[in-house]
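Each remark here refers to the structure printed beneath this line.
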Amino acid sequence: MSDSTGRISVVGIGPGGYDHITPAAKNTIEDAEVIVGYKT
């Protein structure tokens with residue numbers, strides 16, 4: 001069994017566009033290796 005750990009972050013960007021999210025949310029998204037979501 002592996003001792004490695006990972007991290008899952010759940011980030012909501014709300015009803016606005018990418019320019020309206022918080023700096024912490026933006027940094028989390030930019031640092032992510034994998035992003036799961038949907039496009040409307």
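Once segment 1-24 is narrowed to residues that are part of a loop (DSSP other than H, G, I, E, B) and among the hydrophobic types (A, V, I, L, M, F, W, C), the residue that is surrounded by the most Cβ atoms within 10 Å (Cβ to Cβ) is ILE21. Quick check on my filter: what residues within segment 25-40 are within 9 Å of the chain's Cα centre (by Cα), assigned to a loop (DSSP other than H, G, I, E, B) and without any contact (Cβ under 8 Å) to a residue 12 or more places away in the chain? If the condition is that a residue be within 9 Å of the chain's Cα centre (by Cα), assigned to a loop (DSSP other than H, G, I, E, B) and without any contact (Cβ under 8 Å) to a residue 12 or more places away in the chain, then VAL34, ILE35, VAL36 are the ones that fit. Just one residue in the set GLY17, GLY12 is small (Gly, Ala, Ser), on the phi < 0 side of the Ramachandran plot and within 12 Å of the chain's Cα centre (by Cα); that residue is GLY12. Of all residues in segment 1-16, those satisfying the criterion of being within 14 Å of GLY37 (Cβ to Cβ) and modelled with pLDDT under 85 are GLY12, ILE13, GLY14.
Residues in segment 25-40 that are surrounded by fewer than 10 Cβ atoms within 10 Å (Cβ to Cβ) and of a type outside the set (Val, Ile, Thr): GLU30, ASP31, GLU33, GLY37, TYR38, LYS39.
The values are calculated or read from the model by the stated rules, or taken from the named source; none is laboratory data. Everything numeric here is computed off the predicted structure, so don't read it as measured data. Using ideal geometry, Cβ is built from the backbone for each residue, glycine included, and neighbour counts are taken over all protein chains shown.
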